[in-house]
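Shown next, in structure tokens, is the structure this report addresses.
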Amino acid sequence: MLKNSRSLIRPSRLNPGDKVGVVSPAGPVNKKQLENGLDVISEMGFYPVVGKYVYSRSRFLAGTDSQRANDIMDMVRNPEIKAIFCARGGYGTNRVLEYLDAKVIRANAKIF
């Protein structure tokens with residue numbers, strides 16, 4: 001159990017009609033597969049917002065490390081985005097950590 005429960009931040013729950021960000025912090029996505037996933041998100045009652053670099057490619061990743069981190073941080077900073085979903089994960093995800101701003105993330109808690 002946490003000694004200081006005030007350190008735990010609980011983001012708001014999702015409600016129908018909420019916008020959710022979709023990012024690819026690791027490898028590039030298959031456009032058709034992502035479109036199918038976006039349809040599922042829409043059918044669940046949410047509005048998906050695709051990150052700027054989701055379809056990018058830099059060798060085996062979906063854009064450079066800083067581009068993928070920027071997608072995440074853009075979604076974190078956007079007050080209309082209530083949650084962030086990853087189109088896919090993988091090895092490249094840990095490479096974006098140094099580019100993320102923990103203070104901004106903490107101040108803008110979202111389901112991730």
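Where a number appears in this text, it was derived from the coordinates with a stated rule and is not lab data. This structure is a prediction, so every number in the text was calculated from the model and none was measured. Ideal geometry is used to build each Cβ from the backbone, glycine not excepted, and the neighbour counts take in all protein chains shown.
Key figures for this structure:
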item	result
Two-decimal Rg to Rh for region 71-112 - Kirkwood Rh, Cα set	0.95
Extreme residue, positive dipole direction of region 17-107, given options Gly37, Ile105, Ala69 (C-beta unit charges)	Ala69
Residue with peak Gaussian network fluctuation, the chain [Cα springs, cutoff 10 Å], from Tyr53, Tyr99, Tyr91	Tyr91
Region 5-112: GluC sites (Glu not before Pro) falling in loop per DSSP and having at most 13 other Cβ within 10 Å	Glu80
Theoretical ellipticity at 222 nm over the chain - DSSP helices of four or more residues, -39500 (n - 2.57) apiece, nearest 500	-8500 deg cm²/dmol
The chain: relative contact order as a whole-number percent, Cα under 8 Å and 6+ apart	36 percent
Spin-label proximity, Phe85 to region 22-47 - amide N less than 12 Å from point 7 Å beyond Cα toward beta carbon	22-23, 34-47
Over 20 Å [Cα-Cα, the chain], rounded percent	42 percent
Most fluctuating residue given options Val23, Val76, Val49, as computed from a GNM of the chain linking Cα atoms under 10 Å	Val49
Amide N of region 54-68 lying under 13 Å from the label point, which is placed 7 angstrom from the Cα of Leu100 along Cα→Cβ	68
Dipole magnitude of the chain, debye to nearest 20 (Cβ charges: Lys/Arg +1, Asp/Glu -1, about Cα centre)	360 debye
